[in-house]
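The values are calculated or read from the model by the stated rules, or taken from the named source; none is laboratory data. Note that the structure is predicted; figures quoted are calculated from it, not measured. Virtual Cβ from ideal backbone geometry, glycine too; neighbours counted across all protein chains shown.
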Amino acid sequence: MSEHIVPVRVYLMIFLALMVGTALTIWAGLQDFPGPLNVVIALTIAVIKATLVVLYFMHVRYSSRLIWVIFASALFWMGILFALTFSDYWTRGWFQVH
Amino acid sequence: MGHEHPAEHGHAALQHHFENMEQQREASTLGMWVFLVTEIMFFGGMFLAYTLYRSKYPEAFASASNHLDLKLGAINTVVLILSSFTMAMAVYSTQIGKRRNQIISLALTLLLGATFLGIKAVEYHQKYEDHLIPGRVVPSRPFDASGVHLLPGANPHNVEMFYWIYFAMTGMHAVHMIIGIGIISIILFWAIRGKYGPEYHNPVEVSGLYWHFVDIVWIFLFPLLYLLGRHLEH
Amino acid sequence: MQTSWIPFVPPSASTLSGKVDALYFYLSGVTVFFTLLIAGVLIFFVIKYRRRSPYEIPRPVAGSHKLETLWSVIPFIIAMSMFAWGAQLYFQNSRPPQNAVEIYVVGKQWMWKIQHTTGQREINELHVPVGRRIKLIMTTEDVIHDFFIPAFRIKADVVPGRYTTQWFEATKPGKYHLFCAEYCGMNHSGMIGQVVVMEPTEFDNWLSGNTNQQSPAVAGQQLYQTIGCVSCHGTNGEGGRGPALAGLFGRQEFLNNGQTVKADEAYIRESVINPQAKLVNGFGPIMPTFQGQISEEQLVQILAFIKSLPAAGVQSNAPAPAPAPATAAPSRAASPESNR
Amino acid sequence: MKAMETFEAPKPARINYLNATYGLKSWLLTKDHKRIALLYLGSISFFFFIGGLYAMFIRLELLTPQGDLLQSTTYNKVFTQHGIIMVFFFLIPSIPATLGNFLVPMMIGAKDLAFPRINLLSWYIYLLGGLVTIYALLAGGIDTGWTFYTPFSTTFSNSYVIAAGLGIFINGFSSILTGLNFIVTIHTMRAPGMTWFRMPLFIWAHYATSLVMILGTPVIAITILLLAFERLAHVGIFDPAAGGDPVLFQHLFWFYSHPAVYIMVLPGMGVVSELIANFSRKNIFGYSFVAFSSLAIAVFGFLVWGHHLFVASQSVYAGMIFSFLSFAVAIPSAIKVFNWTATLYKASISYDTPMLYALGFIGLFTIGGMTGLFLASLAVDVHLSDTYFIVAHFHYIMVGGTLLAYLGGLHYWWPKITGRMYPEGWARFSALIVFVGFNLTFLPQFVLGYMGMPRRYHVYPPEFQVLHVLSTAGASILGFGLLIPLVYLIWSMRYGKIASANPWNLPGLEWQTSSPPPTENFELTPIVTWEAYEFAPPEETEVVGKFRDQPVEEV
């Protein structure tokens, strides 16, 4: 993991990709897509942008497996927090009281 | 720095309890990542509250969100991504030993960070003018949603809740920005003194990790707070 | 399960309590067994393999996958039996029966206010007959409380802004404790009362001895007039500028966003507190909020009144006096000006 | 013993970490993990003492059914503050910040933790959090219960909620920094040869604990922050009047506070693994199972918080998911108990005080764990939640578990920490008193709970009095039993018998250096060539009875 030097070209490309992503997400936010698609598109673009930052700006792509595991564990625990909390909220209406 | 034994260990920056620079580097990088994990969980709690209430009150959240200044939000997104880029360049310049570029990149990062906060302050001030500071935080200007165009089905109470979450999340983000600016300033100070180079660039790298993380938080905050529900306006 | 002879078990006075006790005894049995097993083996080893000389070094013992598997799988099976039993009992009991008699409970720092559908009101006392299924519809004026009747083995939090329910069928006449089990401030331990379980005839006597009070539905009807619901929803809930309320309870309502919602207690409550949240298809957002203007008790009365309204066009002998059949089809044109 | 071959009888160093430098400043600015551990030891004992005083008032009040000693407002503050102090300022930092701080680097052969300055910072943060909380107590106290349930805490309580919350918020960072330090240290600073599966189980337990600390603590931080803002501004995030949901607070709170129980008990399990192995001179039976069960507990511990919400109007389906997961988390704990017990088979068991505490721990933890099953079981939990059954259950885990392990560990490493032995006779006597007193205090409370006695009651129906009197009697015995070690441990620092470098004759790395150790722990970085708890050469390994599937020691 130690001395990998990412070339400037890569940094520039990532930066441009992030700019395109930002423009895209604003454009998409103003369109009226059917159903929950607006949310899905916005989050997908955000996840892609974040992934680019993590992989290249933060060098995770060139890092040891340990860093991957640590980062993944944070997402996993976020997932637990969301999934189990919403296991309550989403199923509250299921139960017909009458 | 503890006891320094430059003669024994080779590099002046090696702390006494590490065997070598590699171990020290590994430890500090790992430490920052573990810290970022805690940061993710910290923001996670707020994202949870946001998700819950947004799914419960979509109209109110959309109405409130539409009242935010999209232009300023977008500009801030660009500013922050740019600062992330300059930060990456600072790390790069340190790694290849270009001191001039290193100092310029760090200074630019600082400048962009300050710009972000400045624009944020302008936005906050707008909210203050519009009576949109939630609750009785500003006693002379209690929250009043009458300036917000309510979509059908939106309850002003929930508009207030949106602003509350907006201020909590962007406020926490801004606090992190301020801390980041503090850290980068220290790094810049030592960089000017020539402390960092290809041999020893870990502090720059680790601060960079933090800075990028703050950027990532904003990458999510921007669409969630400014964009979702915009389409209902049209 | 007959438990009255066993010490340290509270009185068992509902159809549920015996079942909970049975599971409790199973759990206790397993606990005592394993505790004694572990303690016994520990004591045996500690005595048998005590250090006999300071220089003694015992031979190392290898681990054993078989043993590890054994003592993971067996506890797991036992745990799953406990889970299945407990979950099944809980699931069954969380579904209140159709024909249950409803009683409204409103918690308030630091008292329980109880309203029977027939009009009797009680404070910190709950009179119920043996052998009848009772469903409690509960909410609170302030903080979270918890309605706990140990003798019935039931307990449920009473949460502000919502209705929670629980039900029971008492089996044994007597007087039992009623506790608030969720810490609620200064006088938490004073928020206690009595559940009086009576023979049905005795209970009917008790009911008839307290007839001077209005039933919640009647009180709700008066409220319906005085706070102005009547001007939009019609004298008998036949509707007008607002949707019809007669026969609403339990019905599926079509909303203006294309979704449907079942008109239960929670929906009706929300529609009074936050009318814009779920608008019935064809009606505009003209109803003002009643948040902070009526108490939870009054809300419960409105609810009882709406429940008592017969479906439009059907004569009934429900408590609502003079239920005239709806005269005109409700006009669906929502007028833009908003007033009561 | 291999250990002894590697380090021939280290002489007591004339210069050790205690006398390397002098003066208050040398302590307050120290970066030595051992000194920081002692700073923590002092401050934690102080908070334990305060929490204990509150406990005394609770038990005295409950001696009679009438509220005759304290007013109800005072009583509410007393049990709240007992909870806050004990949970956040004693139990959570207890073992990790003192014994862990002292021993994690020593046991893996490092000179210090990875970030010594952050370690010192964490103590100052702890102290600041503690001071803010004490300010809240002195200014008027707090009466919300340590659980801070909304909307009582945000709207109705007329006490110092924000100050106390701020104290807990600040304190959280000290916990995060400690966990972070441990994780990085364990990953990057193990001595040559110290592979993951040669690490003492104490280290595994601390690794698992640190995971919980860094993943859970931030969530309580943000929760408390939201609570404080809510109380200040009343915008309604937890307030139903404005569309908020009070149950969301409970989800967020227990997302941390249930795993926090594992922050308290996992290090205790680590200590007990050390004690059981070392005082019976045996390798731990099923080392890898015990190690991985720590990690399993850390992970599963995050999946079960909803069992605190079974009666809180949570969805029936969520209740069933959480109930299932709660039963599942019992398995790794059961594995530990069985393996500890099996370790004693054909061992050479000494009756030194630390071992007595370890044996007590196993018994009490078994009861505490098994009674947890009652609370995971939905239908029974409906009856038992918020009664004294719960109170008894978690005291069996936190006092019977954590506190006994803490005392056991403190005695075990006392000679290493201070260079002097504690008086064995007094120590055994007090261990016995603590054990008896503890059981007398809390066994009756299980019964009280099933009888229906709700917790946090200031006055109670008179039929419960007999059991409450028993409990109070037990508490006074327990309190007396805990005062004895306080006296003799302080006494022994000056007058105790001088301890050798390795008074128990053990192979662990921390015993291969002088007592007290030098500032950098070892004269030379040790090179590890032996397994954990290797008392006899592995060739001599015996295979248990007919379960003959492992020809050699598995690791």
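Give C:Glu202, C:Glu169, C:Glu182 a once-over and let me know the one that is within 23 Å of C:Pro11 (Cβ to Cβ) and assigned to a helix (DSSP H, G or I). After applying the criteria, what remains is C:Glu202. The number of residues in region C:267-312 being touching a residue at least 60 places away in the same chain (Cβ under 8 Å), of a type in the set (S, T, N, Q) and either under 22 Å from C:Gln120 (Cβ atoms) or within 13 Å of chain B (Cβ to nearest Cβ) (or both) comes to 4. Scanning region D:227-240 for residues that are in a helix (DSSP H, G or I) and free of Cβ contacts under 8 Å to residues at least 24 places away in the same chain yields D:Phe229, D:Ala233.
All of D:Ser514, D:Ser500 fail the test of being part of a loop (DSSP other than H, G, I, E, B), out of contact with any Pro (no Cβ under 7 Å at 6 or more places or on another chain) and farther than 19 Å from D:Tyr75 by Cα, apart from D:Ser500. Within region B:76-106, if we keep just the residues that are more than 15 Å from A:Val10 (Cα to Cα) and free of Cβ contacts under 8 Å to residues at least 40 places away in the same chain, the residue that is nearest to the chain's Cα centre (by Cα) turns out to be B:Val78. In this structure, is D:Ser257 under 24 Å from D:Ala205 (Cα atoms) and hydroxyl-bearing (Ser, Thr, Tyr)? In short, yes. Out of curiosity, is B:His157 crowded, with 17+ Cβ neighbours inside 10 Å, modelled with pLDDT under 90, in contact with an Asp or Glu (Cβ under 7 Å, 6 or more places away or on another chain) and at the interface with another protein chain (Cβ under 10 Å from one of its Cβ atoms)? Here the answer is no, as B:His157 does not meet what is asked. Filtered by the rule that a residue be within 12 Å of chain C (Cβ to nearest Cβ) and crowded, with 23+ Cβ neighbours inside 10 Å, region D:290-303 gives D:Val290, D:Ala291, D:Ser293. Can you tell me which residues in region A:1-18 are at the interface with chain B (Cβ under 7 Å from one of its Cβ atoms) and without any contact (Cβ under 8 Å) to a residue 24 or more places away in the chain? If the condition is that a residue be at the interface with chain B (Cβ under 7 Å from one of its Cβ atoms) and without any contact (Cβ under 8 Å) to a residue 24 or more places away in the chain, then A:Ser2, A:Ile5, A:Val8, A:Phe15 are the ones that fit.
Scanning region A:37-54 for residues that are exposed (fewer than 15 other Cβ atoms within 10 Å of the Cβ) and either modelled with pLDDT under 90 or in contact with a helix residue (DSSP H, G or I) (Cβ under 7 Å, 6 or more places away or on another chain) (or both) gives a single hit, A:Leu37. Is there a residue in region D:362-371 that is more than 7 Å from chain C (Cβ to nearest Cβ), in contact (Cβ under 8 Å) with a residue 40 or more places away in the chain and out of contact with any His (no Cβ under 7 Å at 6 or more places or on another chain)? Looking through region D:362-371, at least one residue is more than 7 Å from chain C (Cβ to nearest Cβ), in contact (Cβ under 8 Å) with a residue 40 or more places away in the chain and out of contact with any His (no Cβ under 7 Å at 6 or more places or on another chain). Quick one: is D:Arg231 within 14 Å of chain C (Cβ to nearest Cβ), among the charged types (D, E, K, R) and on the phi < 0 side of the Ramachandran plot? Yes: the conditions hold for D:Arg231.
Yes/no per residue for (1) within 20 Å of the chain's Cα centre (by Cα); (2) crowded, with 23+ Cβ neighbours inside 10 Å; (3) assigned to a helix (DSSP H, G or I):
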residue	(1), (2), (3)
D:Met320	no, no, yes
D:Asn339	no, yes, yes
D:Ala347	no, yes, no
D:His383	no, yes, yes
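With respect to the conditions (1) part of a loop (DSSP other than H, G, I, E, B); (2) of a type outside the set (Gly, Ala, Ser); (3) within 29 Å of D:Ala260 (Cβ to Cβ), D:Thr73 falls short on a single one, namely (1). Under the condition of being at the interface with chain C (Cβ under 7 Å from one of its Cβ atoms) and over 30 Å from D:Pro423 (Cβ atoms), the residues counted in region D:325-341 number 7. Scanning region D:388-420 for residues that are modelled with pLDDT of 95 or more and touching a Lys or Arg at 6+ places or on another chain (Cβ under 7 Å) gives D:Tyr388, D:Ile390, D:Val391.
Scanning region A:68-95 for residues that are more than 25 Å from D:Tyr256 (Cβ to Cβ) and either more than 8 Å from chain D (Cβ to nearest Cβ) or not in a helix (DSSP H, G or I) (or both) yields A:Trp68, A:Gly93, A:Phe95. In summary, B:Phe43 fulfils each of the numbered conditions (1) more than 19 Å from the chain's Cα centre (by Cα); (2) facing chain D (nearest Cβ under 10 Å); (3) part of a helix (DSSP H, G or I) with the single exception of condition (1). On inspection, B:Ala121 passes the criterion of being outside any loop (DSSP other than H, G, I, E, B) and without any contact (Cβ under 8 Å) to a residue 24 or more places away in the chain.
So that you can scan it fast, the table gives a plain yes or no per residue for (1) within 14 Å of chain D (Cβ to nearest Cβ); (2) outside any strand (DSSP E or B); (3) surrounded by 19 or more Cβ atoms within 10 Å (Cβ to Cβ):
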| residue | (1), (2), (3) |
| --- | --- |
| C:Gln88 | yes, yes, no |
| C:Gln92 | yes, yes, no |
| C:Pro96 | yes, yes, yes |
| C:Ile103 | no, no, yes |
| C:Gly107 | yes, no, yes |
| C:Ile134 | no, no, yes |
| C:Asp142 | yes, yes, no |
| C:Phe147 | yes, no, yes |
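Within region C:1-29, being more than 7 Å from chain D (Cβ to nearest Cβ), closer than 21 Å to D:Tyr388 by Cβ, hydrophobic (A, V, I, L, M, F, W, C) and in a helix (DSSP H, G or I) holds for one residue alone: C:Phe25. Scan region D:145-160 for residues that are closer than 19 Å to D:Leu91 by Cβ and not hydrophobic (A, V, I, L, M, F, W, C) and the total you get is 2. Being at pLDDT 95 or above and within 18 Å of B:Ile192 (Cβ to Cβ) is not true of B:Thr115.
Scanning region A:33-40 turns up no residue that is more than 8 Å from every other protein chain (Cβ to nearest Cβ), of a type in the set (Phe, Trp, Tyr) and either free of Cβ contacts under 8 Å to residues at least 12 places away in the same chain or outside any helix (DSSP H, G or I) (or both).
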